[in-house]
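Input: a single structure, listed below in structure tokens.
Every read-out reported here was derived from the displayed coordinates using simple, explicitly stated rules and does not represent laboratory data. None of these values were measured; they are calculated from a predicted model. Note that each Cβ is placed from the backbone with ideal geometry, even for glycine, and that neighbours are counted across all protein chains shown.
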């Protein structure tokens, strides 16, 4: 069967279609507005937030795929977590399509979407699995049971790891997004040059904290203000920060693997594009003999194909096209 | 009023005093550099209003909402305009619709754009000092004892 995915929870307006057959998911097509806007048809700069709120972007995208959309068997839409006005654009479009095409409507959690990106165009991961979600807005560890249910094990209590990357990049006057800029600079630096804190490293629970790391980098920069222009100093800050940020993820992931016997380790979210994270999780997966799944680089950011993928696993949980509402918060497992 | 705080506990005590003065319906601007402790101040306020869950940074989510039961205040909105680059984007959020006499709204980076889009009733300025923070609270319609 064919599942249409719609995603408007964050910065991207996205529309995609997946084929679901014999438990396998195949990408048919996947459009993302922030990439598509480069195309001449959109012309000029598209203010993303305004566009998605006014539905204009989505309407244009739906129009461009109208022949394909009439062939879908179900419609999956991100219903949360996210900013309600943004979510509503996608939800209202999905409700209208579901009603007019008389197809089932599936409300999908954006976070589950990131997890199910690991099912696309590959052999399905074995369950149970440990899930690590890392992005600008999320830092979460969860257990995914054999039945596909989620149990939240830990989450950030303040800043998300991707946000820490962006804010430290800002402190170093690097560009946005900060992740790739920090990683590039970090390659030239010494990871042990500064001893930045690893949030909750010695606590038994599986929650994260990145606010202290951010402040610690800030204090170090203020203390060495005269060296802000020095490339070696900057590279050392970037390298030491990156090491601390990724270390904090690994400390808790290791603890979770010690506590829970799983077959796979599934990663999701924008920070999974980070090279150090990819290398360190590969080592950890080897050590615990679990199957590591990292999303393809093009699927690390927000997209709609992952929403279609998650929808495929919720065909028995249909939503009412007249009453479905946006959920600003929607923790994994609830 | 202004106060120097050295520890997060002192920030929390100040937050406790601060929320007692709120009547509901206020918009509170939070002004301070990256890492100044704007979210930490909101966390202190929410804790003082009896909220027990995690108070996460709204930088990426733009807005986090909390339900509390603190006198007339039942809802707390915590916004961050840091990532916005166009006035249209903020206007499209229809922030005015969120106003309610039983809600208070904290706004981080209210001046991210040159245009004045937010009219705060209270301004909380946080400055990083050698040791700790200097927190200054001011508002036309608002007098804080101390």
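Taking 7 Å steps out from each Cα toward its Cβ at residue A:65 and residue A:296 produces label points 1.5 nm apart.
The angle separating the long axis of helix A:84-101 from the principal Cα axis of greatest extent in chain A is about 30 degrees. I'd like the orientation of helix A:231-259 relative to chain A: the angle between its Cα long axis and the longest Cα principal axis, in ° from 0 to 90, rounded to 10. Helix A:231-259 sits at roughly 60 degrees to that axis. In this structure, residue B:94 and residue A:316 have a Cβ-Cβ separation that, at R0 = 56 Å, corresponds to a calculated FRET efficiency of about 0.95. Among A:313, B:106, a tally of other beta-carbon atoms within 10 Å of each Cβ gives an order, fewest to most, of A:313, B:106.
I'd like the antiparallel share, as a percent to the nearest 5, of DSSP beta bridges with both residues in the protein assembly as shown.
Working: 42 of 75 bridges.
Of those bridges, close to 55 percent are antiparallel.
Binning the C-alpha pair distances of region B:2-138 at 5 Å intervals from 0 yields a P(r) profile of 2, 10, 21, 24, 21, 13, 6, 1, 0 %, listed from the shortest bin outward.
Could you give me D for the protein assembly as shown, from Stokes-Einstein at 37 °C and 0.692 mPa s, where the hydrodynamic radius is the Kirkwood radius over C-alpha pairs? Units µm² s⁻¹, please. The diffusion coefficient I find is 140 µm²/s.
With the alpha-carbon atoms of region A:157-244 aligned to their principal axes, the span from lowest to highest coordinate is 39, 24, 22 Å, starting with the largest.
Only helices enter the 222 nm calculation for chain B: every DSSP H run of n ≥ 4 contributes -39,500 (n - 2.57), and dividing by all residues gives -6000 deg cm²/dmol, rounded to 500.
Computed from label points 7 Å out along Cα-Cβ, the spacing between residue B:13 and residue A:329 is 2.9 nm. Note on residue A:99 and residue A:184: their simple-model spin labels are 4.8 nm apart, each label 7 Å out from Cα toward Cβ.
Report, for chain B, the % of DSSP beta bridges that are antiparallel, rounded to 5.
Details: 16 of 30 bridges.
Here the antiparallel bridges make up roughly 55 percent for chain B.
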